Amino acid sequence: MVKQWWVILCLVYQTKGIDLIIEQHEASYTEVASYEINATYHVVLRYPNIETANPFRVKAWSPNAKARQPALIVVQQESRVTSWQVPLLVETSRQETVLRFYNTSKTMCHDQMDSIVNPDFSTGVLTVAQSFIVALSTSSPKNTIINVAMEEEKDFYVELDRTYQISVSPSEPRYVFFKFNDAVSDTVIIDVDSEDDICLIVSVQDSKCPVFDTNKDIKYEGFYQTINLKGALTIRKKDFQLGFFLIFVAKPDSFDCSQENSFLPRTLRHTRIAPMNITTTLSFKIRPSISKKEYLVAVLGTLGVLGTAGVVLVVLALVLNRFGTIANRVQDDPQTFDRLEPRSEVEIKELLRNEDPTVSYFARTPKMIKRRSYNYLCHTFSVALFYSIPVIQLGFIYQRIVNQTGNQDMCYFNFLCAHPALGFSDFNHIFSNVGYVIFGIIFNFVIIDRHTIIKIRSSKGIPVHYGLYHAMGVALIVEGVLSACYHICPSQSNYQFDTSFMYIMAVLCMVKLYQNRHPDINATAYTTFTVVGIAIFLAMVGILNGSLVVWVVFAFCYTVLCVVVSLKIYFFNYAVDGVKQLWKDLQGGVQRRVCITFVPIRRGRFILVLLTNIVNYSILITGLCLYSKEFTDFGTFLLGLLMANAVLHCTFYTAMKLYHRERICYEAICYGLLAIASWAASTFFFVDAATLWTVTPAESRQWNQGCVVVDFYDKHDVWHLLSSLALYLTFMFLMCLDDDIVDKNQTEIPVF
C-alpha cells in the first residue's frame with residue numbers, strides 16, 4: 001500500500017520535472033527522528049513490529065515550517081492512514097483568525113482494537129503486534145526541519161475509581177479507553193476537572209476506529225459536552241456494550257463555552273482566543289454509579305415515605321374535620337338565595353363612606369359565588385390540558401434529540417447527580433416531582449370531605465369557595481407534571497414550563513384571600529387567567545430578550561396595574577365612583593377656601609394598600625438592580641414578585657384577623673407552623689443551586705454537585721419533595737384560617 005502511494009507521488013513530481021529523492025530509514029520507538037526535508041527530498045520512517053496492547057502516540061514538531069508550505073506527516077498502519085500538517089492550522093470562531101500550532105501529536109488507534117475489546121480480552125494477557133510507516137514531506141524549496149517521536153500510551157486503558165491526569169492542547173488531543181466488564185455497574189460517571197478555564201470538549205465514542213478527535217469532527221460521534229473547569233458524563237453500559245473511548249479536545253477559543261454560542265444569548269461576552277501552543281492539564285476519574293437495586297430502593301422508598309405521609313395527612317384532616325373547630329358548628333341548613341338587585345347610587349355612596357363595612361355587604365349572591373368559584377376549576381383544567389400537551393411533546397422531542405445527537409449542552413443537568421432510566425437522561429429530577437401529584441390529589445380529597453362538613457350558607461361565616469380550592473389542588477398536580485417535563489431537558493428555552501403553574505398557584509392564593517372578605521366583588525376567573533396569561537407572555541418575552549427595554553415596559557405596565565388594583569381594593573371595586581367622590585370632596589374644599597388634606601376614611605385599609613405598594617415597588621427596583629448586575633433573569637424575577645405578593649397578602653390577612661380580635665384556630669396554627677418549617681427547609685436546598693441556565697452550559701457545570709440523599713437525589717430533588725409538602729400545608733392553612741368564625745354572623749365579620 002505505501003509503495004503504491006509513493007510511486008504515485010513520484011510520478012506526479014516527475015511530471016512536473018522535479019527530481020524527487022525519497023529515503024527510507026529504520027526508526028526506533030525510543031529515539032527522536034530529526035530530518036531536514038524540502039520539495040525534492042522526502043523521508044520515510046519504518047518502525048518495526050512491536051507486540052503491545054497499548055497504542056502509540058506520534059509527536060511531530062518543527063521550528064521553521066511555513067503555513068503556506070507546511071511539513072506533511074502521513075502515518076500508515078495495517079488498515080488505516082492518518083495525516084496532518086505542521087504547523088497545524090486550527091480555525092477559530094472568527095473567520096479572519098487562524099491559529100498555527102508547531103507542536104502536534106496524535107494517538108494512533110490500535111489496529112487490533114476489535115480483538116482488544118473482545119469480551120474475553122484481558123489487558124494483562126493479550127498482546128498484539130503493530131507497526132508504523134511515517135512519511136515526511138513538504139513542498140517548500142527551502143529546508144524544513146521536522147522532528148518525529150513515538151510514545152507508547154501506557155495509561156491508555158483506564159480503570160474504575162482511579163484518578164488520571166493528562167495534558168491537551170488544540171493541536172494535541174488525547175483519548176483513553178475504558179472497558180466494561182461484569183464487575184462494572186450498569187452505569188458509570190466520568191468526573192472531569194481542569195486546572196484553568198480553557199474551553200474543552202469531552203466526548204465519549206464507541207470502541208471502534210477511527211476516533212474523531214479533532215476540533216472539526218469530534219461532534220460527529222457519541223456523546224459530548226463542553227467544559228471550563230468541571231464536567232461530568234453519565235454513561236450507560238447498554239449504549240457501549242464493550243467499552244468506549246474518552247476523548248479530550250481543547251478549543252482554540254472560548255466560543256463554544258460562551259454566551260455567543262447560546263440559543264438565547266443573555267449577554268454577548270467577547271470571545272477569548274487561546275494563546276499559541278497553550279497546554280492545559282486536566283484530571284478525570286471514572287466511578288460506578290448506583291445499581292438497579294439502589295434505583296428500586298430509592299424509587300420505592302420515596303413512594304413509601306410519600307404514601308405514609310399522605311395517609312397521615314389524610315387521617316389528620318378527617319379527624320380535624322369531625323372533631324376539630326368546625327365540628328362545633330351549629331347544625332343548620334338554611335335556605336340560600338341570591339339578591340340580584342344592583343346597588344343604587346345611594347347605596348354605593350353609603351358603602352364608600354362606611355368606615356367599617358362587613359362581609360354581609362359583599363356576600364349578597366352565595367349561589368352565584370359558588371358557580372363563579374367553580375369557573376376557576378374549569379379554567380385551570382382547560383389551561384392545564386392545552387398547555388400540557390405541547391409541553392409534554394416538546395419534552396420528549398428534546399430528549400430524543402439529545403439521545404440522537406449526543407449533544408449534552410442542550411440540557412442543563414446536574415451531571416454529578418443525574419441517573420438515567422426509562423430512556424431519560426436525568427430520571428431522578430423527573431421522578432422527584434411525584435410529591436406535587438400525590439399532595440395535589442390528597443388536597444382535593446380533603447376538600448371533597450369538607451364538602452360534607454360545611455355547606456353553602458347565606459348568613460354565617462365566610463362564604464365557601466370549594467371550586468377555587470379544587471383549582472389550587474389541580475394546579476399543584478399540574479405543576480408536578482410540567483416540572484417533570486421541564487426537567488426532561490432543562491434549558492433556557494423551556495424554563496417557563498416549570499414556572500407557569502407556579503404563577504397560577506400564587507395568583508389563586510391571593511384571589512382566595514381577597515375573596516374571603518369580598519366574595520361578590522372579587523375578580524372573575526376570566527379576569528384572573530387573563531392577567532396570568534399576560535404574566536406568562538411577559539416571562540416568555542423576558543427570557544427571549546431580557547433587555548432593559550423589556551424591563552422598562554414591564555415596570556410601566558406593572559405600575560399602572562398596581563394603581564388600578566389599589567383603587568379597586570380601597571374603593572371596594574367601585575374605583576370610578578370612589579375617585580369621583582374624592583374629586584368632589586377636594587373641589588368642595590377649594591370652594592370653601594380651606595386647607596386641602598387627604599384623610600382616608602378607612603385608615604387601616606389605606607395603610608395596608610400603601611404598604612403593599614411600597615413593597616412591590618421596592619421589589620421592582622431591586623429586581624432591576626440585580627438584573628443589571630446579572631444576578632437574576634426576568635422569569636425568575638417575575639416568579640419571585642408573584643410569590644412575594646402571595647406571602648405578603650397571607651401575612652397581612654393573618655395580621656388583620658388578629659387586629660380585629662379574631663381567633664386563629666389551632667388547626668390553622670398547626671398547618672401554618674408546619675408550612676413555615678417546610679418552606680424554610682426547602683428554601684435552604686433551593687438556594688444552593690446545582691445548575692444555572694442563565695449562563696453557558698460549560699459555566700453551569702461548575703455549579704454541579706453530588707447527590708445528598710441515598711446517592712440518588714441532589715438538593716434540587718429535595719427541594720421538589722419538601723416544597724410539594726409545603727404547598728399542601730399552605731393550602732390547608734388557607735382553608736382552615738377562618739374556621740373560627742364559621743358560625744359568626746356575616747353582619748359581624750369585618751372586611752379588610
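The values are calculated or read from the model by the stated rules, or taken from the named source; none is laboratory data. All of these numbers come straight from a predicted model, not from anything done at the bench. Please note: Cβ atoms are built from the backbone with ideal geometry, for glycine as well, and neighbour counts cover all protein chains shown.
Somewhere in segment 170-184, is a residue assigned by TED's automatic domain parsing to the domain that holds Ile247, touching a helix residue (DSSP H, G or I) at 6+ places or on another chain (Cβ under 9 Å), more than 23 Å from Arg701 (Cβ to Cβ) and surrounded by 14 or more Cβ atoms within 10 Å (Cβ to Cβ)? First the steps, then the outcome.
Of the residues in segment 170-184, the ones assigned by TED's automatic domain parsing to the domain that holds Ile247 are 170-184.
Then keep just the ones that are touching a helix residue (DSSP H, G or I) at 6+ places or on another chain (Cβ under 9 Å); that gives 173, 177, 179.
If we keep only those that are more than 23 Å from Arg701 (Cβ to Cβ) too, we end up with 177, 179.
Next, from what is left, pick out any that are surrounded by 14 or more Cβ atoms within 10 Å (Cβ to Cβ): 177, 179.
The answer is yes; a qualifying residue exists.
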Collect the residues in segment 86-126 that are among the polar types (S, T, N, Q), over 19 Å from Cys199 (Cβ atoms) and modelled with pLDDT of 80 or more, keeping them in residue-number order.
Asn103, Thr104, Ser105, Thr107
Taking Arg400 as the residue in question, decide whether it is part of a helix (DSSP H, G or I), buried (at least 17 other Cβ atoms within 10 Å of the Cβ) and of a type in the set (D, E, K, R).
no
Check Met150 against each of (1) buried (at least 21 other Cβ atoms within 10 Å of the Cβ); (2) without any contact (Cβ under 8 Å) to a residue 60 or more places away in the chain; (3) over 30 Å from the mean Cα position of the chain (by Cα) and name the one condition it does not meet.
(2)
Identify, please: which residue in segment 421-459 is surrounded by 21 or more Cβ atoms within 10 Å (Cβ to Cβ) and touching an Asp or Glu at 6+ places or on another chain (Cβ under 9 Å) and is, among those, farthest from Val312 (Cα to Cα)?
Arg457
Expected output for segment 641-665 (first residue closer than 20 Å to Ala539 by Cβ, partner hydroxyl-bearing (Ser, Thr, Tyr), Cβ below 6 Å, 6+ apart or cross-chain) is Leu642/Tyr503
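To keep it simple, each residue is scored yes or no on (1) of a type in the set (Lys, Arg); (2) at pLDDT below 90; (3) touching a Cys at 6+ places or on another chain (Cβ under 6 Å).
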| site | (1), (2), (3) |
| --- | --- |
| Leu608 | no, yes, no |
| Ile619 | no, yes, no |
| Glu667 | no, no, yes |
| Ala675 | no, no, no |
Can you tell me how many residues within segment 379-418 are under 14 Å from Phe497 (Cβ atoms), of a type outside the set (A, V, I, L, M, F, W, C) and in contact (Cβ under 8 Å) with a residue 60 or more places away in the chain?
6
Those residues of segment 645-677 that are touching a helix residue (DSSP H, G or I) at 6+ places or on another chain (Cβ under 6 Å) and under 15 Å from Leu727 (Cα atoms) come to a total of 6
Taking the stated definitions as given, is Thr696 at pLDDT below 90, more than 16 Å from the chain's Cα centre (by Cα) and over 30 Å from Ala327 (Cα atoms)?
no
Within segment 53-63, can one find any residue that is in the same structural domain as Gln85 (by TED's automatic domain parsing), over 19 Å from Gln77 (Cα atoms) and surrounded by fewer than 17 Cβ atoms within 10 Å (Cβ to Cβ)?
yes
Residue check for Asn228: at pLDDT below 90, crowded, with 21+ Cβ neighbours inside 10 Å, of a type in the set (S, T, N, Q) and not assigned by TED's automatic domain parsing to the domain that holds Leu692:
yes
Tell me, which residue of segment 676-695 that is among the polar types (S, T, N, Q) and crowded, with 16+ Cβ neighbours inside 10 Å is farthest from Lys715 (Cα to Cα)?
Thr694
Are any residues in segment 288-333 among the β-branched types (Val, Ile, Thr) and assigned to a loop (DSSP other than H, G, I, E, B), and if so, which ones?
Ile290, Val330
So the check is Cβ under 9 Å with 6+ separation or different chains; which pairs have a first residue in segment 489-506 that's outside any helix (DSSP H, G or I) and a second one that's acidic (Asp, Glu) and surrounded by fewer than 22 Cβ atoms within 10 Å (Cβ to Cβ)?
Pro490/Asp498
Out of the residues in segment 253-287 that are surrounded by 13 or more Cβ atoms within 10 Å (Cβ to Cβ), among the hydroxyl-bearing types (Ser, Thr, Tyr) and in a loop (DSSP other than H, G, I, E, B), which is modelled with the lowest pLDDT?
Thr271
Odd one out for Val563, checked against (1) surrounded by 18 or more Cβ atoms within 10 Å (Cβ to Cβ); (2) within 30 Å of Pro342 (Cβ to Cβ); (3) aliphatic (A, V, I, L, M):
(1)
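Looking at Tyr526, is it hydroxyl-bearing (Ser, Thr, Tyr), surrounded by 22 or more Cβ atoms within 10 Å (Cβ to Cβ) and part of a helix (DSSP H, G or I)? Walk me through it before giving the result.
Details: hydroxyl-bearing (Ser, Thr, Tyr): yes; surrounded by 22 or more Cβ atoms within 10 Å (Cβ to Cβ): no; part of a helix (DSSP H, G or I): yes.
When the stated conditions are applied, Tyr526 does not pass them.
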Report every pair of residues separated by at least 6 positions or lying on different chains whose Cβ atoms are under 6 Å apart, first residue within segment 450-466 and closer than 17 Å to Asn522 by Cα, second of a type in the set (S, T, N, Q) and at pLDDT 85 or above.
Ile462/Asn516; His465/Ser373; His465/Gln515
Where a residue in segment 726-752 is outside any loop (DSSP other than H, G, I, E, B) and its partner, wherever it lies, is crowded, with 19+ Cβ neighbours inside 10 Å and among the basic types (Lys, Arg), with Cβ under 7 Å and at least six apart:
Leu734/Lys512; Asn745/Lys460; Gln746/Lys460
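Could you list, in sequence order, all residues of segment 398-448 that are of a type in the set (A, V, I, L, M), under 14 Å from the mean Cα position of the chain (by Cα) and within 16 Å of Val299 (Cα to Cα)?
Ala418, Ile430
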Among the listed residues Ile401, Ile442, Ile456, identify the single one that is modelled with pLDDT of 95 or more and among the β-branched types (Val, Ile, Thr).
Ile442
Could you tell me which residue of segment 351-396 is nearest to Pro490 (Cα to Cα), considering only residues that are surrounded by fewer than 13 Cβ atoms within 10 Å (Cβ to Cβ) and aliphatic (A, V, I, L, M)?
Ile389
Within segment 72-91, can one find any residue that is within 46 Å of the chain's Cα centre (by Cα), surrounded by 16 or more Cβ atoms within 10 Å (Cβ to Cβ), within 30 Å of Phe255 (Cβ to Cβ) and among the small types (Gly, Ala, Ser)?
no
Of (1) modelled with pLDDT under 90; (2) within 31 Å of the chain's Cα centre (by Cα); (3) over 23 Å from Val86 (Cβ atoms), Ala129 satisfies every one except (2)
Conditions: (1) over 22 Å from Ser723 (Cα atoms); (2) surrounded by 22 or more Cβ atoms within 10 Å (Cβ to Cβ). Leu544 meets all but one. Number of the miss?
(2)
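Of all residues in segment 669-698, which are free of Cβ contacts under 8 Å to residues at least 60 places away in the same chain and of a type in the set (Phe, Trp, Tyr)? Steps first, answer last, please.
So in segment 669-698, the residues free of Cβ contacts under 8 Å to residues at least 60 places away in the same chain come out as 669-670, 673-689.
Result: Trp679, Phe684, Phe685, Phe686.
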Selection count, segment 135-149, where residues are in contact with a Leu (Cβ under 9 Å, 6 or more places away or on another chain) and of a type in the set (A, V, I, L, M)
4
From the list Leu586, Leu624, Leu582, Leu561, exactly one residue is part of a helix (DSSP H, G or I) and at pLDDT 85 or above. Which is it?
Leu561
